[in-house]
Amino acid sequence: MANLTRFDPFRDLTTMEPWRNLEDFFSDFSLRPLADKVQTEPRIRMDVTEAQDHYAVKAEIPGMRKEDITVSIDGNQVTLSAEIRQEKEEKKDEKVVRRERFYGRQTRSFSLAHDIDESASSAHYENGVLNLKLVKKAGTNGSRTLAIQ
């Protein structure tokens, strides 16, 4: 009780620190239980590099089997999709305490400057990383112009 200080509502204004206690104000709200209930699905993260005759794509898709990953190519549009299914394993007298694993479908699409030759392209998946070699189609320069009438 010897360390009591008198509350002065104007102290922060006089010391020119009006936002000093703003972080403490928001930390009093209990938003953490609400944030725990909202699940965010993982994103497919990727790097795309271009060489003279092909594109190289490295996409991180952890926790998937290669049978559950699909690569679709339509002209210069590439779509990566992966689906993981939930296992239905329930044991008697056992309840789920916490579930953090994601079940569902992830999709990522992107466009490239050149059309892709599907027959010459290849894909390899190992250790959670999908490596694509997307060969550029011969005869397309990638630039498309629209005729104005």
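At a glance:
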item: Virtual spin-label span in nm between Lys58 and Lys133, 7 Å along Cα→Cβ; result: 1.6
item: Approximate spin-label separation Thr107-Asp47, in nm, with each point projected 7 Å along Cα-to-Cβ; result: 2.8
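Quick note: the coordinates plus some simple rules give every number you see, no bench work behind them. Computed from a prediction, not measured in an experiment: that's the story for all the values here. No Cβ is skipped: glycine too gets one built from the backbone with ideal geometry, and neighbour counts run over all protein chains shown.
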